1. Residue under question is A:Leu793, and the condition is that it be more than 29 Å from the chain's Cα centre (by Cα) and either farther than 21 Å from A:Gly715 by Cα or β-branched (Val, Ile, Thr) (or both); does it hold?
2. So B:Tyr41 ticks every box in (1) under 21 Å from A:Arg357 (Cβ atoms); (2) surrounded by 14 or more Cβ atoms within 10 Å (Cβ to Cβ) but one. Which box is left unticked?
3. Any idea which residue in the range A:693-715 is farthest from A:Leu683 (Cα to Cα), counting only those that are open to solvent by less than 60 Å² (accessible area, probe 1.4 Å) and assigned to a loop (DSSP other than H, G, I, E, B)?
4. Answer with yes or no whether B:Gly36 is part of a helix (DSSP H, G or I), over 41 Å from the mean Cα position of the chain (by Cα) and facing another protein chain (nearest Cβ under 8 Å).
5. Of all residues in the range A:127-156, count the ones that are open to solvent by less than 10 Å² (accessible area, probe 1.4 Å), away from chain B (no Cβ under 14 Å) and either within 16 Å of A:Phe52 (Cα to Cα) or of a type in the set (Ser, Thr, Tyr) (or both).
6. Would you check if there is a residue in the range A:716-736 being within 14 Å of chain B (Cβ to nearest Cβ), open to solvent by 30 Å² or more (accessible area, probe 1.4 Å), at negative phi and not β-branched (Val, Ile, Thr)?
7. Only residues that are open to solvent by less than 30 Å² (accessible area, probe 1.4 Å) and either at the interface with chain A (Cβ under 7 Å from one of its Cβ atoms) or in contact with a Cys (Cβ under 9 Å, 6 or more places away or on another chain) (or both): list them for the range B:12-33, please.
8. Considering only the range B:187-204, I want to know if a residue exists there that is crowded, with 22+ Cβ neighbours inside 10 Å, in a loop (DSSP other than H, G, I, E, B) and within 14 Å of the chain's Cα centre (by Cα).
Amino acid sequence: MSAPFDPHTAAQTPDQAVLTRLFSTPPGWGRLSAVNHSVIGIRFIVASLVFFVIGGLLAMLLRAQLAMPGNPFLDHEAYNQIFTMHGTVMMFLFAIPLIEGLALYFIPKFLGARDLAFPRLSAFGFWCYVFGGAILLASLFLGVAPNAGWFMYTPLSSGEYTPGINSDIWLLGVTFVEVSAIAFGIELVVTVLKVRAAGMSLSRMPLFGWYILVTAAMMVVGFPPLILGSVLLEMERAFGWPFFEVARGGDPLLWAHLFWLFGHPEVYIIFLPAAGAVSMMIPTFARRPIIGYTWLVAAVIATGVLSFGLWVHHMFTVGIPHLALLLFSAASMLVAVPTAIQFFAWLATLWHGRPVRRLPMLYLFGVLFVFVLGGLTGVMLALVPFNWQAHDTHFVVAHLHYVLIGGFVFPLLAAAHYWLPLISGRAPSERVGQWAFWLIFVGFNVTFLNMHLTGLVGMPRRVYTYTAGLGWEWLNLVSTIGSFVLTIGFALFFLDLLMQVYAGRRTAHNPWQAGTLEWSLTHPPANYNFAALVPVASREPLWDQPGLVEDIHHGRGYLARTRNDWQETLGVDAISGKPDQIILLPGPSYLPFITAALLGVFFVGFLFGQYLLALFGAGAALLAALRWAWHNGLPQDHPDQDAGSGLSLPLHSQVHDAPGWWGMVIGLLVNGTFYISLLFGYLYLWAVAPGWPPAGYIDINLFWPLVTALFAVLGAWTCRWAVARGVDGKSPALALAAALLLGLLGTAGFAGQALIGLPHPTTHAYAAVTTFLLGYCGLHTLLTGVFAGYVLLRWRAGYVSARRSLELRVITLWALYSAGVTLISLGLIHGLPTLLGMAT
Amino acid sequence: MSTLVPAGQAARDVAWITWAMVIGSGFFTLLMTALGLHAVYRRSDRPMRMSSRGMLIGGGLVLPLAVSGVLLAFGVPTGYSMLSIGEADIEIRVTGHQWWWQIEHADAEGQSLYTANELHLPVGQRADIHITSADVIHAFWVPVLGGKLDAVPGSVNTIRLQPTRVGVYRGQCAEFCGAQHARMGFEVHVHESEDFEAFRAALARQDRTLAGTPQQRQAFAEHCAQCHSTSPREDRLGPNLARLSERGWLGAGTLRNDADNLRRWLATHQTLKPDNRMPDHASLDADVLEALARFLEAAP
């Protein structure tokens, strides 16, 4: 048998040199313009690890404080800020961004592509994350960090009980960071569906692709409720709109519902990608393909769906109808099924394989023990009578750390050892890592195993001090000692990784002999990943397609030749993986950075009550985004292009389901979830809040809402008309101008109804939430007009033609959505009082 | 205050379920770990003979569904015993404040008797505790008696407690409620029925209008009476101080109640429980503080 092909020794082709130049990031300040997914992915990972260290140090302070009763080390204010920030940092600034970084870095490499669908979007997300994180971090050093708990329950977090800037920092900082989560969600759904290797049908996709597809979809529908909640609470704090204040018709539990509507899926958003990494590693070490691929896919989808039906189990003690308690209790236990399926699929794969005992397997053993125990205590907590005892005690603290460290940190520690050779080009080293594992494993269990008991013997969470003599002293002391061992273990782990990266030997190619595409790349990978995009015919192509690595590196495959300095990758049919377009990727751009910075002006302006500055920031960010969009597309029609191997494909701006079209669809899904959450809030207040009915309902001649609705419907119709004319090669100018005008008129219609027909929004939650709904519709109608005007300019500049109708179709989606929410909202606003009036 | 040493009906049922679930969780964790270790550390290099479909169906579907079914079968009846269903023997209103508890017993005629941070219950009787909040969300929890329920502003939640043992137990706010969430404890006194009646009668008789000296009463009226009352019939902004000298703790579980600690509390409560809502007493002379202490200690 000849020696396996090693791409590191192969000579570069001229096309590879061009690809290297095209995909490179400029040096110096030019780094701010980076959009390459490998660069952005690594930045996400490094930044999230920095926040992990910060969050860990905060945890050490908490454990030091609780080491003994009545400890004077931290006062209540410091403790409350630190525990709030520990949770906030670990959830929003460590766990989610680390997942984002891993997916951004790896997904194109797993799926056989050169970059993501929207490289600039993930660069924008990165800057939003860094700027938002910086706001939160700065508050910690200035001593004004959020202090109402990471769950920010109202009314504690409201202006009356937390008058300082602390809560505003949380609401605005976290929302800024969430922009990056939304960007990620859109990016990854579209990338996984559209940007894969030829022949990689959904059923051949590496499991991590499935996990990320579901995770990204969950982020798309999971984050909007929290963003809505944050916007509403910030408006209550800034302008006195009483959404959550009982005295003026609000309800504090609305916040809790919106928070946990996000908060529970959040747990699975963190767990699933880590489980996806496990599903990638297990086959490699078991030396056989995964058992139960279809079961796993079904389990992942089921987890995603079920996770949205469980949020109430965080609220079993708030006073919930008895039947709802039973239903949510049963649903919470049901989620054990897809989780158990995953574990048994992994076990079955190991049982039926010939497992090799390498270091990552040791960490996977940590996953098995720690997460299974965390999952089982989760089942315990799903039982309402037990929950009523254990809720908000240290039992829950122990449970959630078992789940998150077992289900997220341990898998990723394994993943770090597993994929580091690919990223760094350095050989795996396994000795120090074993020491680190045992320190982490023992330290973790010493900290948290007995903490279950701490809770059961009555110690509540989030207390900065406790009285001696309640039987909590030694339990807390042991936990504190364990946490120091745990920290030493983490320090050793990171030290080991740094040593490998900076002082390790060069690794052999594919050191673990894995079967998935990323291991076909050089270690570290070239900035364009694949020199040629090869067709894939198996789930483990490196095991099943001999000669594949050579083909890739010798340029035998699709898009191996460069032309016009285009950065090309393949777009495929979402289901079958059949190539259907050539996607032209953007090069480095400062616009993501600038747009994020301007958005930062909005957030900081709002934070300090400078609302004009904030408005300026928002407007400037919109302009920057439109300027960014101007770079899309091509100023003339192109014929189909040779993709290599005898295949000829259209460019993405000339096909129906271009990534941009999918991006708008997923973006509207985000928006629609936000809107449905808003409707939920509207009806929830109406049905449940004490302090209703309000003094009066909307009072305006029905003529005005009817005219406004007409403007919105006509706006959508004129956009469709513009599409019809555009694809016929006729001028859409008149239709677009009409849509612009209708957008402005419709906006005026909404403003008029809010200003004339309603009492001032500070008077009652009804007026506040109705004004908000009208404002939401008004903003959408306005944007329809703005977009129509923008595409009019694009048409004049030659970017729109019969073949290049993408932009017309994309704004039409927006206009249809706008018209839809307008009709629903106006129907609700004007219909509900009338209906109820007739009923009484 | 351990849930595992119960003194109430609901807590006792839950304690049994807890032990069963703890043992079950431990068993399944060890079982799964053993399965994993065996797969990796077995001697033979050959694939193991065990149907993978069997593992997926048995372990992934049947096992979790069966365990959930058993848990619900035991858990749901227990849950129902904690709900306020059917007539209660006694009703008590509890209101959470930052950071203390107002307790509202009723006298023989059903009139309100206010007190703070001490709840009295007769043993063996079904008590419905109606819980609400005057400001932010708190949670009412007496671990030895039964589960917790949130105190939510604008709504009333009811939990049923049925003590089974006479004794003095500790309760604690369980929902984070701001600066002094840690110091929001209270005491529950479970009495024999006749002792409970005696307590109620004693509380109802509290009348301190002639307690202490005129100078002491004057000091209280001047410095305290805006927020505090010593009459159990009056509901003021701050904790009711009727029968204060009989209570076990000061400052909602901050400090044991004795003569020295009462004086420490009056002089330095902002150090003992920083940011509590009572104004700092630094401006008060030592003799005024002493007068207040003596007034609070004086027999009614």
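1. Numbers: more than 29 Å from the chain's Cα centre (by Cα): yes; either farther than 21 Å from A:Gly715 by Cα or β-branched (Val, Ile, Thr) (or both): no.
No.
2. Going through (1) under 21 Å from A:Arg357 (Cβ atoms); (2) surrounded by 14 or more Cβ atoms within 10 Å (Cβ to Cβ) one by one, B:Tyr41 breaks only (2).
3. It comes out as A:Ile700.
4. Numbers: part of a helix (DSSP H, G or I): yes; over 41 Å from the mean Cα position of the chain (by Cα): yes; facing another protein chain (nearest Cβ under 8 Å): yes.
When the stated conditions are applied, B:Gly36 passes them.
5. Total satisfying the criteria: 5.
6. Applying the first criterion (within 14 Å of chain B (Cβ to nearest Cβ)) to the range A:716-736 yields none.
No, there is no match, as no residue in the range A:716-736 is within 14 Å of chain B (Cβ to nearest Cβ), open to solvent by 30 Å² or more (accessible area, probe 1.4 Å), at negative phi and not β-branched (Val, Ile, Thr).
7. Within the range B:12-33, B:Val14, B:Ile17, B:Thr18, B:Met21, B:Ser25, B:Thr29, B:Met32, B:Thr33 meet the criteria.
8. Filtering the range B:187-204 for residues crowded, with 22+ Cβ neighbours inside 10 Å gives B:188, B:190.
Adding the requirement that they be in a loop (DSSP other than H, G, I, E, B) leaves none.
Looking for residues that are crowded, with 22+ Cβ neighbours inside 10 Å, in a loop (DSSP other than H, G, I, E, B) and within 14 Å of the chain's Cα centre (by Cα), one finds none in the range B:187-204, hence no.
The values are calculated or read from the model by the stated rules, or taken from the named source; none is laboratory data. Note that the structure is a prediction, hence the values are computed from the model and not measured. Cβ coordinates were reconstructed from backbone atoms using ideal geometry, including for glycine residues, and neighbour counts include every protein chain displayed. Quick note on the areas: whole protein, heavy atoms, side chains included, nothing else; ligands and nucleic acids left out. Shrake-Rupley method; radii C 1.70, N 1.55, O 1.52, S 1.80 Å.
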